[in-house]
1. Given Cα pairs under 8 Å that are at least 6 residues apart, what percent is the relative contact order of region 1-89?
2. Name the long-range amide H neighbours of residue 46: under 5 Å, sequence gap of 5 or more, or other chain; modelled H, no Pro or chain starts.
3. Grab the Cα-Cα distance for residue 34 and residue 4, subtract it from 0.36 nm times how many residues apart they are, and report the gain in nm with one decimal.
4. If I build a Gaussian network model for the chain, linking alpha-carbon pairs within less than 10 angstrom, which residue out of 63, 18, 83 has the largest mean-square fluctuation?
5. D for the chain, whole µm²/s, Stokes-Einstein with Kirkwood Rh over alpha-carbon pairs at 4 °C and 1.567 mPa s: what number?
6. For the pair residue 27 and residue 51, how long in nm is the line joining their label points, each one 7 Å along Cα→Cβ?
7. Rounded to whole Hz and in sequence order, give me ³J(HN,Hα) for region 49-56 from the Karplus expression 6.51 cos²θ - 1.76 cosθ + 1.60, θ = phi - 60°, writing x for Gly and Pro.
8. Report the local net charge at residue 76: Lys and Arg +1, Asp and Glu -1, summed over other residues whose C-beta lies under 9 Å from its C-beta.
Amino acid sequence: MLISHAVRHPVLHVTLHRDLDVTNRAAAALQIQALVQMHRPDRVVVTVPAADPTPATLSALARAHRMCASLGIPLALTGASARTRRLLDTESA
């Protein structure tokens, strides 16, 4: 299992259980996208498995962040370093 989720209205909580690699990053991004489209939360919170995730994990997070931004839904990270959060905000801008 790559991710798990819980909906505590109006927030969608997504947990990545391990860092992603190139073989599973697209699947994780699509799972997050499907969850957002199904639940239409006011906010998404993603918990990452490491303070400094792998490039593949960052790629999937950036994709999810851009998709959420296009829908006007804020996405926040927990478990990530401040450097990682800044990097994601820069990549998605």
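Since every read-out is calculated from the coordinates, none of them should be taken as a lab result. Predicted, not measured: the structure shown is a model, and the values here were computed from it. Reconstructed Cβ throughout: ideal geometry from the backbone, glycine too, with neighbour counts over all protein chains shown.
1. Numbers: 139 pairs, mean separation 27.1, N = 89.
After rounding, I find 30 percent.
2. Amide H neighbours of residue 46: 14, 76, 77, 78.
3. On the way: separation 30, 0.36 × 30 = 10.80 nm, distance 1.25 nm.
My answer for the length gained is 9.5 nm.
4. The residue with the greatest mean-square fluctuation here is 83.
5. Values: Rh = 12.8 Å.
This corresponds to a translational diffusion coefficient of 101 µm²/s.
6. A separation of 3.0 nm, rounded to one decimal place.
7. x, 8, 4, 10, x, 5, x, 5
8. Numbers: positive: 43, 85; negative: none.
Net charge around residue 76: +2.
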